[in-house]
Structures are given as C-alpha cells and as structure tokens.
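Participant: Before anything else, here's the structure in question.
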Amino acid sequence: MRIAIQGEPGSFSHEAALKARPQATILSCTLSAEVFAVVNEGAADAAMIPIENSLAGSVLEHYDLLLAHDVAVESEWLLRIRHNLIGVPGARMERIRQAWSHPVALAQCRRFFVEHPQIEAAPFYDTAGSVKQLMELREPGVAAIASAEAAAWYGAEILLPGIEDNAENYTRFFLIRRRERLEAEARPDKVSLAFKVENRPGSLVEALQVFAGMGTNITRLESRPVPGRPWEYVFYADYQLGEARTADLALEMLAKHCSMVRELGRYRAAAGV
C-alpha cells in the first residue's frame, strides 16, 4: 500500500502510517492539500492525516479538506507523542543555542525552554524536517525537537529525551481513502460526519436531538466557517455507534433538519496507544 503523509520521513504521521500498515510505502508531501490530491488522483492508495491532538486540539485544515474531497475515513489510530532534543552526532548540550521544530511541538515543550533560557525556540515547517535540515547543515550549536524515529532515520543523536510538558500527549490520526476504494469495517463502532443547519434559532438543537433521541453519545462536536458564506458554519461530529442501522437512521433524520449532511466514515474506535 502507498500511504501519503504531510511531512518528511521520520515524522509522527510516518510513524502512525507504519503502525497501521508496517509494509507500506510512504509518500511524503509538503502540504496537506497535496496529500489529499495524490489520494484523489490515485498516486497514493491512502493517506494518514492527524485530525486531533489531546493538547493542541483539532487540525482544522484537515476537517475542511475531508469535506472538500471524495474521501472517507477507513480507520482511526492513536499515537503517543514524545518529543526529544536532537543534535548532530557529538553535539554537546551546553553548546546548544537554538532548537528548531514545528510551532505546535515547540508549544508543547515550553517548560524545557523556561529551564534552558539560553536555547531559543525557532519555528520550522516540520518536526522530522527540522532534523533533516540539522543533519544537512551540521551545526553543533543547533538542535531539533522531534521523535526518536526521526533521529534514527537521519542518523542524528538524542541529547535529551522526553522534553514535552505533558506525558498525556496523544494525536488521533485518520487513515483515509477514496470512497470507492474504501475497505468497509465489518464491525464499526464510531461515525464521523459533517452537517450544516439553517441560520435560525433552535436549528442546531433540533439536529442534536436526533442523536439524543436515539440514545447516541456524541464524543466530539466542532464548528467551522463555510468559505465565502460569512456567519454560516459546518458542524463536524463524532458519535458512538451501537449497530449499523443507527448510522443509516441518523443520516435520514438529520436530513430533515439540515441543509447538508455528509458521513465522513464508519470505523472502529482506536483501541489503544
């Protein structure tokens, strides 16, 4: 299987993709839009995308892209995020004056920078990409913050492991495919969908009462603005699924209260980390 990811080899998306499909060929893309494009065009069989981090929240761009493309969620994966200070081989901690990484990773290591005021946090486009750049430049006074897999992939050295502020740091990933190539889960227990309600009092409550009436538990609800339509919103919801006919009934009933309803995927909730 060819799985597209956003970011360089050794990134957390790369790690999640290999967790799902250990023998997969990984296709690295610079932008998230490119990830979805290669799946749409058939250059990749699937994509592994981060959708939510337990500390930083949702990856909002990916919600928009899910709705804009003819793809669906095949499975869900959880990954424990461990950040490490990484240097070139032979680098010494006392000489490090700057650390590169993705802004989200830097924000999750604030305590480290407070404890090491001599080290400047420098934003970079990708965690693994910062290690790649570090090894190309061979700067002994510069470090990167990324995964242990990134350090191993590029031949770098971990100077200080586990520098994240909070150990309860997990990212939820979706493995997505084109809808016609989706391998349907035999026993799905979770559904993701998007819906849009009319801009009038009570319309959202009416939609949510569909789930309450079926005794269905909504585990996540997110709103996003509709591009080009000021003050109109699309709602993204995840809910627990008891049996398949519940999902069909939910779509049917939501259609009575919503101007748009689209199921994004039926899948098994991630079992663990």
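The values are calculated or read from the model by the stated rules, or taken from the named source; none is laboratory data. Keep in mind that what you see is a predicted model, and the values were worked out from it rather than measured. So basically every Cβ, Gly included, is an ideal-geometry build from the backbone, and we count neighbours across all protein chains shown.
Participant: So which residues in segment 156-172 are in a strand (DSSP E or B) and of a type outside the set (Phe, Trp, Tyr), if there are any at all? Before you say what the answer is, go through the steps one by one.
Facilitator: Going through segment 156-172, the residues in a strand (DSSP E or B) turn out to be 157-160, 170-172.
Passing the criteria: 157, 158, 159, 160, 171, 172.
Participant: Considering only residues that are within 25 Å of the chain's Cα centre (by Cα) and either closer than 12 Å to residue 156 by Cβ or in a helix (DSSP H, G or I) (or both), which ones fall in segment 114-139?
Facilitator: Residues satisfying the conditions are 127, 128, 129, 130, 131, 132, 133, 134.
Participant: Sticking with this structure for a sec: I'd like to check something: does segment 127-150 contain any residue that is in the same structural domain as residue 37 (by TED's automatic domain parsing), among the acidic types (Asp, Glu) and either closer than 26 Å to residue 43 by Cβ or at pLDDT 95 or above (or both)? Working first, answer last.
Facilitator: The first filter runs over segment 127-150 and keeps only residues in the same structural domain as residue 37 (by TED's automatic domain parsing), leaving none.
For segment 127-150, residues in the same structural domain as residue 37 (by TED's automatic domain parsing), among the acidic types (Asp, Glu) and either closer than 26 Å to residue 43 by Cβ or at pLDDT 95 or above (or both): absent.
Participant: Being β-branched (Val, Ile, Thr), over 21 Å from residue 73 (Cβ atoms) and either in contact with a helix residue (DSSP H, G or I) (Cβ under 6 Å, 6 or more places away or on another chain) or surrounded by 15 or more Cβ atoms within 10 Å (Cβ to Cβ) (or both) narrows it down to one of 205, 191, 142, 210, so name that one. Break it down into steps so the answer makes sense when it comes.
Facilitator: Numbers: 205 fails: either in contact with a helix residue (DSSP H, G or I) (Cβ under 6 Å, 6 or more places away or on another chain) or surrounded by 15 or more Cβ atoms within 10 Å (Cβ to Cβ) (or both); 191 fails: over 21 Å from residue 73 (Cβ atoms); 210 fails: over 21 Å from residue 73 (Cβ atoms).
On inspection, the qualifying residue turns out to be 142.
Participant: Another question, then. Give me the residue from segment 82-121 that is of a type in the set (D, E, K, R) and in contact (Cβ under 8 Å) with a residue 40 or more places away in the chain and, out of that set, surrounded by the fewest Cβ atoms within 10 Å (Cβ to Cβ).
Facilitator: In this case the residue turns out to be 92.
Participant: Condition first: in a strand (DSSP E or B) and at pLDDT 95 or above. Can you find one or more residues in segment 31-42 that meet it?
Facilitator: Residues of segment 31-42 in a strand (DSSP E or B): none.
No, that holds for no residue.
Let's see how each residue does on (1) out of contact with any helix residue (DSSP H, G or I) (no Cβ under 6 Å at 6 or more places or on another chain); (2) within 20 Å of residue 129 (Cβ to Cβ); (3) buried (at least 21 other Cβ atoms within 10 Å of the Cβ):
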residue	(1), (2), (3)
18	yes, yes, no
23	yes, no, no
36	no, yes, yes
40	yes, no, no
58	yes, no, no
61	no, yes, no
64	yes, no, no
69	no, no, no
72	no, no, yes
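Participant: Scan segment 58-79 for residues that are more than 21 Å from residue 41 (Cβ to Cβ) and within 12 Å of the chain's Cα centre (by Cα) and jot them down. So that I can check it myself, show each step before the final result.
Facilitator: As a first pass, look at segment 58-79 and keep what is more than 21 Å from residue 41 (Cβ to Cβ): 58-60, 63, 75-79.
Hits for segment 58-79 are 58, 59, 60, 63, 76, 77, 78, 79.
Participant: From the list 141, 129, 155, 162, which residue is within 21 Å of residue 55 (Cα to Cα) and touching a residue at least 12 places away in the same chain (Cβ under 8 Å)?
Facilitator: Values: 141 fails: within 21 Å of residue 55 (Cα to Cα); 129 fails: within 21 Å of residue 55 (Cα to Cα); 155 fails: within 21 Å of residue 55 (Cα to Cα).
The conditions single out 162.
Participant: Tell me yes or no: at least one residue of segment 44-60 is at pLDDT 95 or above, assigned to a loop (DSSP other than H, G, I, E, B), closer than 19 Å to residue 181 by Cα and not assigned by TED's automatic domain parsing to the domain that holds residue 129.
Facilitator: Yes - at least one qualifying residue is present in segment 44-60.
Participant: Output the residues belonging to segment 218-273 that are within 20 Å of residue 202 (Cα to Cα) and polar (S, T, N, Q).
Facilitator: Across segment 218-273, the qualifying residues are 223, 259.
Participant: Something else about it: Please find, among 175, 182, the residue that is in contact with a strand residue (DSSP E or B) (Cβ under 6 Å, 6 or more places away or on another chain) and crowded, with 22+ Cβ neighbours inside 10 Å. First the steps, then the outcome.
Facilitator: Values: 182 fails: crowded, with 22+ Cβ neighbours inside 10 Å.
Only one candidate qualifies: 175.
Participant: Of the conditions (1) surrounded by fewer than 15 Cβ atoms within 10 Å (Cβ to Cβ); (2) of a type in the set (S, T, N, Q); (3) farther than 18 Å from residue 64 by Cβ; (4) under 24 Å from the mean Cα position of the chain (by Cα), residue 169 fails just one. Which one is it?
Facilitator: All conditions pass for residue 169, except number (1).
Participant: Filter segment 235-269 for residues that are among the basic types (Lys, Arg) and under 24 Å from the mean Cα position of the chain (by Cα); which is surrounded by the most Cβ atoms within 10 Å (Cβ to Cβ)?
Facilitator: Within segment 235-269, the subset among the basic types (Lys, Arg) is 245, 256, 262, 266, 268.
Pick out the ones that are also under 24 Å from the mean Cα position of the chain (by Cα) and you get 262, 266, 268.
Values: 262: 17, 266: 21, 268: 15.
Looking at residues that are among the basic types (Lys, Arg) and under 24 Å from the mean Cα position of the chain (by Cα), I get 266.
Participant: Which of the residues spanning segment 204-246 are closer than 28 Å to residue 54 by Cβ and among the basic types (Lys, Arg)?
Facilitator: Correct list: 220, 224.
Participant: Could you identify the single residue in 157, 232 that is under 30 Å from residue 82 (Cβ atoms) and either surrounded by 13 or more Cβ atoms within 10 Å (Cβ to Cβ) or in the same structural domain as residue 135 (by TED's automatic domain parsing) (or both)?
Facilitator: From the options 157, 232, the qualifying one is 157.
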